[in-house]
Amino acid sequence: MPHLSRRLRAALLATASLTLVAAALPAPEPLGIGDRLFPELGNPGYDVLAYDIAFTYHGSNTKPLDAVTRIRARTTAPLDRINLDFARGTVQGVEVNGRAADFGSKNEDLVVQAPRRLPEGAPLNITVHHTSDPAGTAGNGGWIRTADGLAMANQADAAHRVFPSNDHPSDKARFTFRITAPKDLTAVANGLPAGRTRNGATTTWTYRTEHPMATELAQVSIGRSAVHHHTGPHGLPLRDVVPAADREKLEPWLKKTPAQLEWMERRVGRYPFETYGVLVADSRIGFALETQTISLFGRSLFTEPAYPEWYVDSVMVHELAHQWFGNSVSPASWSDLWLNEGHASWYEALYAEENGGGTLERRMREAYKLSDGWRANGGPPAHPDGPAGGEKLSLFRPVVYDGSALVLYALRQEIGADAFDRLQRAWVRIHRDGTATTADFVRLASGIGGRDLTAFFDGWLYGKKTPPMPGHPDWSAAEPAATL
């Protein structure tokens, strides 16, 4: 079989229409860990401890990068096959524990035959030689093309369109990135620099994270970038990456980060990672993204004159708040996303209130008015509707932003501001560098609030209709048909 597999791989490599090279592997099947919203994402049977990913960028952001992904893991059950999430690239070879392995593909899974049956608790070292293609369909995530290179936007389910992985936030790991690019370009990634080597016409940049990270939060940027270094609270190293031509124009915004960090630390405690900064991409992306230690923003957020200063500031704080809520404490399942976006929207709204935007109460009253419509259109905050048949799931709906911040507002009304503030600090302290569930939050809130809040949360998180707002009997929700 190994000889036949090599011949088949060689033949299939010549077939340009195939993106994943299939070896002689009996009936590969996709697996998942049972996430209700992304049932084929994540893979059972192993726990990833670390990724070491090498990309070689040849200077064109429309052509595939050469890549090698090394995964260090440990089995959590006996395994004959290892499933990895991977799409949008060509696999040239796979090794398991130093030995060549057969592989095949089905849907968006790369299925690898272990050289021998692996027992539970065994070391698992996987090396995949592959390409990483930035020329995918717009809107599906993964690599995003910028005016001068590339950046990543992997949330929620797109990291496996860049590199082979266990692409679910419940399996966090440490990352090392090694990016080789033409010497006139700058490469950055999550974490801290760990070396830079010049080799003729190219430079290899190495970065390493000091804390575990979900795959959806990975970030690599390659382009004609200026890197701005400064210092945050407690000597925290800050690093901003912006288009070189825009450095002076953007510097007033970059100077805001230290004060924003201090503002967040006063509310929830010390910043949880080794560095932070802003990555500004010269791209027409209409969103910002909390990639770990270096939040991604589109250039237009800072250059569009129609955006008031308080609004831009509050968007920056939204992504900063995610470093605690979503990055350090990650969702155990995608139905727990409300914990990420609700908290980030909460601190965004508080910051806006203090810096020239509308009041928190006004924003929450408007959200209450619209909440029944949001629930009808996409499900309640902690039980969002799955995708319609044949459609791509879009999780990022109003109900998980202001609809989830509204849950937090109701909770503060229910247990009082002091208990609410203690809960926020305790949540990020207890679950730091880990994952947590909605049930974990309900349990902690009940303990700090001094009574069982299960029934309260059932209505607010899972109800089709928005419950009455504590302390505001006059608030009313519009009929869903009027708000959709």
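The values are calculated or read from the model by the stated rules, or taken from the named source; none is laboratory data. If you're wondering where the values come from, they're calculated on a predicted model, not measured in any experiment. Positions of Cβ are generated from backbone atoms using ideal geometry, with glycine treated the same way; all protein chains shown enter the neighbour counts. The accessibility values were calculated without ligands, DNA or RNA, using every heavy atom of the protein model including side chains. Shrake-Rupley method; radii C 1.70, N 1.55, O 1.52, S 1.80 Å.
Flag set for A332, criterion: among the small types (G, A, S) and open to solvent by 10 Å² or more (accessible area, probe 1.4 Å). Is it true that F86 is open to solvent by less than 10 Å² (accessible area, probe 1.4 Å), under 27 Å from the mean Cα position of the chain (by Cα) and in contact (Cβ under 8 Å) with a residue 40 or more places away in the chain? Yes, satisfied.
In the stretch 49-69 there is at least one residue that is surrounded by 18 or more Cβ atoms within 10 Å (Cβ to Cβ), more than 22 Å from the chain's Cα centre (by Cα) and of a type in the set (S, T, Y).
Within the stretch 109-138, residues that are closer than 22 Å to E40 by Cβ and part of a loop (DSSP other than H, G, I, E, B) have Cβ atoms under 7 Å from residues that are of a type in the set (D, E, K, R) and open to solvent by 10 Å² or more (accessible area, probe 1.4 Å) in these pairs: D133/R88; G136/R88; G136/R161, counting only partners at least 6 apart in sequence or on another chain.
Within the stretch 289-299, the set of residues being free of Cβ contacts under 8 Å to residues at least 60 places away in the same chain and not in a strand (DSSP E or B) comprises just one member, R299.
Conditions (1) more than 23 Å from A153 (Cβ to Cβ); (2) open to solvent by 20 Å² or more (accessible area, probe 1.4 Å), marked per residue:
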residue	(1), (2)
R363	yes, yes
D372	yes, no
P380	yes, no
G386	no, yes
F396	no, yes
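When the stretch 323-336 is filtered for residues that are closer than 13 Å to Q155 by Cα and of a type outside the set (F, W, Y), the ones remaining, listed by number, are G326, N327, S330, P331. When the stretch 139-157 is limited to residues that are of a type outside the set (G, A, S) and not in a strand (DSSP E or B), the one that is modelled with the lowest pLDDT turns out to be N140.
In the stretch 275-288, the residues that are acidic (D, E) reach residues that are open to solvent by less than 30 Å² (accessible area, probe 1.4 Å) with C-beta atoms within less than 7 angstrom, at least six apart or across chains, in these pairs: D282/T146; D282/P243. Contact map, the stretch 151-168: residues that are hydroxyl-bearing (S, T, Y) paired with residues that are not in a strand (DSSP E or B), Cβ distance under 9 Å, separation 6+ or inter-chain. Pairs shown: S165/F86; S165/A159; S165/D171; S165/T215; S165/A218. Within the stretch 309-351, being closer than 18 Å to F297 by Cα, free of Cβ contacts under 8 Å to residues at least 60 places away in the same chain and among the hydrophobic types (A, V, I, L, M, F, W, C) holds for W310, V312, V315, V317, A321, A344. Checking each residue in the stretch 441-484 for being surrounded by 18 or more Cβ atoms within 10 Å (Cβ to Cβ), touching a residue at least 60 places away in the same chain (Cβ under 8 Å) and not hydrophobic (A, V, I, L, M, F, W, C) picks out only T466.
Of L301, L261, all but one fail to be at pLDDT 95 or above, over 27 Å from A158 (Cβ atoms) and not hydroxyl-bearing (S, T, Y); the exception is L261. Is it true that S345 is surrounded by 21 or more Cβ atoms within 10 Å (Cβ to Cβ), in contact with a Leu (Cβ under 7 Å, 6 or more places away or on another chain), part of a helix (DSSP H, G or I) and hydroxyl-bearing (S, T, Y)? The answer is no for S345. Condition check: open to solvent by 10 Å² or more (accessible area, probe 1.4 Å) and either part of a helix (DSSP H, G or I) or among the β-branched types (V, I, T) (or both). Does E274 satisfy that? So E274 fails the test.
When the stretch 367-425 is filtered for residues that are among the aromatic types (F, W, Y) and farther than 12 Å from T466 by Cβ, the ones remaining, listed by number, are F396, Y401, F420.
Among the residues of the stretch 244-271, the ones that are open to solvent by less than 80 Å² (accessible area, probe 1.4 Å) and either closer than 23 Å to F420 by Cα or part of a loop (DSSP other than H, G, I, E, B) (or both) come to 10 in all. Being closer than 27 Å to G326 by Cα, crowded, with 17+ Cβ neighbours inside 10 Å, among the small types (G, A, S) and in contact with a strand residue (DSSP E or B) (Cβ under 6 Å, 6 or more places away or on another chain) is a description that does not apply to A194.
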